[in-house]
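K.L.:
One structure follows; several queries about it will come next.
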Amino acid sequence: MNALIIGGITYALNDGNIRTKYGRGADGKRTARLVLGEERDELCIVVTDSAPETLAALEAAVAELRAEAERQQRLASLPEVA
């Protein structure tokens, strides 16, 4: 199974809400979603059928993004050099 993107998406997370949601789909099967943002502007990533390895790759990518954000914060705190 491959990822399915419906339309182009750019989402500025900023300090938005991040949560998980569980429920049942129209077919009665359990669903699992990663939800970014608030209800009106939320973006859901459905992970119901994702392999554990895919979720581990997502986790690794988020760790990489966190490290970059921390690096940028450290650089921003350094004095500017002319």
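K.L.:
Return the pairs, sorted by first residue and then second, in which the second residue is modelled with pLDDT under 90 and open to solvent by 100 Å² or more (accessible area, probe 1.4 Å), the first residue lies in the range 1-26 and is farther than 12 Å from Ile45 by Cα, the beta carbons are less than 6 Å apart, and the residues are 6+ apart or on different chains.
P.N.:
Cβ pairs passing all conditions: Asn17/Glu38.
K.L.:
Moving on. Taking the residues in the range 45-82 that are under 17 Å from the mean Cα position of the chain (by Cα), assigned to a loop (DSSP other than H, G, I, E, B) and not hydrophobic (A, V, I, L, M, F, W, C) as candidates, determine which candidate is surrounded by the fewest Cβ atoms within 10 Å (Cβ to Cβ).
P.N.:
So the first thing to find is which residues in the range 45-82 are under 17 Å from the mean Cα position of the chain (by Cα), and the list is 45-69.
If we keep only those that are assigned to a loop (DSSP other than H, G, I, E, B) as well, we get 47-51.
The next check asks that each one be not hydrophobic (A, V, I, L, M, F, W, C); those that pass are 48-50.
Numbers: Thr48: 12, Asp49: 10, Ser50: 17.
Only one residue tops the list, namely Asp49.
K.L.:
Checking Ala12 against (1) open to solvent by 60 Å² or more (accessible area, probe 1.4 Å); (2) touching a Leu at 6+ places or on another chain (Cβ under 8 Å): exactly one of these is not met. Which one?
P.N.:
The single condition Ala12 does not satisfy is (2).
K.L.:
Is it fair to say Tyr22 is modelled with pLDDT of 90 or more and not hydrophobic (A, V, I, L, M, F, W, C)?
P.N.:
Values: modelled with pLDDT of 90 or more: yes; not hydrophobic (A, V, I, L, M, F, W, C): yes.
Answer is yes for this residue.
K.L.:
Is it true that some residue in the range 21-44 is touching a helix residue (DSSP H, G or I) at 6+ places or on another chain (Cβ under 9 Å) and either open to solvent by 60 Å² or more (accessible area, probe 1.4 Å) or of a type in the set (D, E, K, R) (or both)? Spell out the reasoning first.
P.N.:
As a first pass, look at the range 21-44 and keep what is touching a helix residue (DSSP H, G or I) at 6+ places or on another chain (Cβ under 9 Å): 34.
In the following step, the residues that additionally are either open to solvent by 60 Å² or more (accessible area, probe 1.4 Å) or of a type in the set (D, E, K, R) (or both) were identified as none.
No, the range 21-44 contains no residue that is touching a helix residue (DSSP H, G or I) at 6+ places or on another chain (Cβ under 9 Å) and either open to solvent by 60 Å² or more (accessible area, probe 1.4 Å) or of a type in the set (D, E, K, R) (or both).
K.L.:
While we're here: Taking the range 4-44 as the search range and keeping residues that are part of a loop (DSSP other than H, G, I, E, B) and hydrophobic (A, V, I, L, M, F, W, C), which one is farthest from the chain's Cα centre (by Cα)?
P.N.:
So in the range 4-44, the residues part of a loop (DSSP other than H, G, I, E, B) come out as 4-17, 25-29, 37-38, 42.
Of the ones still in play, those that are also hydrophobic (A, V, I, L, M, F, W, C) are 4-6, 9, 12-13, 26.
Working: Leu4: 15, Ile5: 14, Ile6: 16, Ile9: 12, Ala12: 11, Leu13: 8, Ala26: 24 Å.
Only one residue fits best here, namely Ala26.
K.L.:
Further question: Among all residue pairs at least 6 apart or on different chains, which show Cβ distances below 7 Å where the first residue, located in the range 46-62, is hydrophobic (A, V, I, L, M, F, W, C) and the second is surrounded by 12 or more Cβ atoms within 10 Å (Cβ to Cβ) and part of a helix (DSSP H, G or I)?
P.N.:
Once the first residue is hydrophobic (A, V, I, L, M, F, W, C) and sits in the range 46-62, its partners that are surrounded by 12 or more Cβ atoms within 10 Å (Cβ to Cβ) and part of a helix (DSSP H, G or I) give Val47/Leu55.
The values are calculated or read from the model by the stated rules, or taken from the named source; none is laboratory data. Remember, it's a predicted structure, so these values are computed and weren't measured experimentally. All Cβ positions, even for glycine, are placed from backbone atoms using ideal geometry, and neighbour counts span all protein chains on display. Heavy atoms of the whole protein, side chains included, go into the accessibility calculation; ligands, DNA and RNA do not. Shrake-Rupley method; radii C 1.70, N 1.55, O 1.52, S 1.80 Å.
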